[in-house]
Amino acid sequence: MIIKIPKEYDSKFRFVLVAAERAKQVQNGAPRRIEVESGKSAFVGIREAEKNLVKWEILEEESEDALDLLEPEGDEKQADDEP
């Protein structure tokens, strides 16, 4: 099987991740977006990813500063404090 990785993917690794996640979805009962000669979910996931039928995006990691904003200052209890 020859796989053509579309230029929209920034790396082979990302392509594999997207195709594998799509294969899991198909295996768990998600409808197929294309008809292929193989019934294997991995093959379907690869072919759908090749044809850009799988939507994906890169999510930004939450920074520690953003997490600090969620915790109000002054409400933190330290181990040395007594009730």
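In the stretch 18-34, what count of residues is obtained for those that are within 17 Å of residue 51 (Cα to Cα) and either of a type in the set (Val, Ile, Thr) or open to solvent by 90 Å² or more (accessible area, probe 1.4 Å) (or both)?
Here the count works out to 7.
I'd like to know if the stretch 38-46 contains one or more residues that are open to solvent by 100 Å² or more (accessible area, probe 1.4 Å), farther than 20 Å from residue 2 by Cβ and either modelled with pLDDT of 90 or more or not in a helix (DSSP H, G or I) (or both).
Taking every residue of the stretch 38-46 in turn, none turns out to be open to solvent by 100 Å² or more (accessible area, probe 1.4 Å), farther than 20 Å from residue 2 by Cβ and either modelled with pLDDT of 90 or more or not in a helix (DSSP H, G or I) (or both).
The values are calculated or read from the model by the stated rules, or taken from the named source; none is laboratory data. No experiment lies behind these values; they were computed from the predicted model shown. Every residue, glycine as well, gets a Cβ built from its backbone with ideal geometry; the counts of neighbours run over all protein chains shown. Side chains are part of the model used for accessible areas, which takes the heavy atoms of the whole protein and leaves out ligands, DNA and RNA. Shrake-Rupley method; radii C 1.70, N 1.55, O 1.52, S 1.80 Å.
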